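The values are calculated or read from the model by the stated rules, or taken from the named source; none is laboratory data. Everything numeric in this text was worked out from a predicted model, so none of it was measured. Cβ placement follows ideal geometry from the backbone for every residue including glycine, while neighbour counts extend to all protein chains displayed.
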Amino acid sequence: MRFCLQPGCGGKVVHGYCQLHTRQKEQQRGSSNARGYTWSWGKRARLFLQQYPLCGMRPGNVAPVMSRCQVDGVRTPATVVDHVVPHRRDPVLFHDVGNWQALCVSCHARKSQTER
């Protein structure tokens, strides 16, 4: 057990934040819909994955960012459309297809961990 990541909190956790601070972080972050992940985003993401079905694929044959599958030469089906540069709610960056890449869940999780 360790302490909650919130400075000054004495709560004990296995990892991350205690329940109180987890809820606060989620409220600050906003819903997925509020962050731009709407029905129309889902439709565009599905079309993107049809065009780029394997982990590490990007428009224009640009090299992927942090796709272990691509590096290892493994042909893994992609299930996530990742923003190469985190958009941080910037609508231009969010909708820029050149900033998208297809990743599998494992590669996306690994990449997301480094962006925190």
| field | Those residues of segment 1-43 which are in contact with a strand residue (DSSP E or B) (Cβ under 8 Å, 6 or more places away or on another chain) and either without any contact (Cβ under 8 Å) to a residue 12 or more places away in the chain or closer than 30 Å to His95 by Cα (or both), in sequence order | value | Phe3, Gly10, Gly11, Lys12
| Any chance Ser106 is among the polar types (S, T, N, Q), outside the structural domain of Gln6 (by TED's automatic domain parsing), closer than 30 Å to Gln6 by Cα and free of Cβ contacts under 8 Å to residues at least 60 places away in the same chain | yes
| query | If you take the residues in segment 72-102 that are more than 21 Å from Asn33 (Cα to Cα) and touching a residue at least 12 places away in the same chain (Cβ under 8 Å), which one is surrounded by the fewest Cβ atoms within 10 Å (Cβ to Cβ)? | reply | Arg75
| request: May I ask you to list the residues in segment 34-59 that are part of a helix (DSSP H, G or I) and at pLDDT 95 or above? | output: Lys43, Arg44, Ala45, Arg46, Leu47, Phe48, Leu49, Gln50, Gln51, Pro59
| message | I'm told Ser31 meets every condition in (1) over 30 Å from Met1 (Cα atoms); (2) modelled with pLDDT under 95; (3) of a type in the set (Gly, Ala, Ser); (4) not in a helix (DSSP H, G or I) except one. Can you identify the failing condition by its number? | response | (1)
| Going through segment 2-25 one residue at a time, which ones are of a type in the set (Ser, Thr, Tyr) and in a loop (DSSP other than H, G, I, E, B)? | Tyr17
